Amino acid sequence: MSDDNASREESEFVALTRLAWRLRWLGRAVCVELPADDQPCVRLSRGCGTEVRIVVAARVGRPTFRWGRGTTQWVDLGDPAAAATIHRAVR
């Protein structure tokens, strides 16, 4: 792994960790995951016993949090209301 990739993945992990704390403050159960063979993610528990995987992904050249493949299942990484948006969207 190059230093550039490590730095990008470390930045993504920091952003995901901040998101996880904010979701926790909103009363959600979360798990920050750093798998050896996949990208870092936050697992967010739903009320029905399932989990949603949130990752950092580029959208139109901008970093975003994504939690699905739908056109509305993303929010800008720098959006101060990102956690609240995800909290409302993932029930």
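Counting other beta carbons within 10 Å of each residue's own, what order do E10, E51, E33 fall into, fewest first?
Ordered from fewest to most neighbouring Cβ atoms within 10 Å, E10, E51, E33 come out as E10, E51, E33.
Can you tell me the equivalent ellipsoid semi-axes for the chain? Use √(5λ) from the Cα gyration tensor, largest first, whole Å.
Numbers: eigenvalues 88, 44, 30 Å².
The equivalent ellipsoid of the chain has semi-axes of 21, 15, 12 Å.
Compute the helix-to-body angle for 3-25: its Cα long axis versus the longest principal axis of the chain, expressed 0 to 90° and rounded to tens.
Compared with the principal axis, the helix lies near 20 degrees.
Bear in mind these aren't lab numbers, they're just calculated from the coordinates by the rules spelled out. All values reported here derive from a predicted model rather than from experimental measurement. Methodologically, a virtual Cβ is constructed for each residue, glycine included, from the backbone with ideal geometry; neighbour enumeration extends over all protein chains shown.
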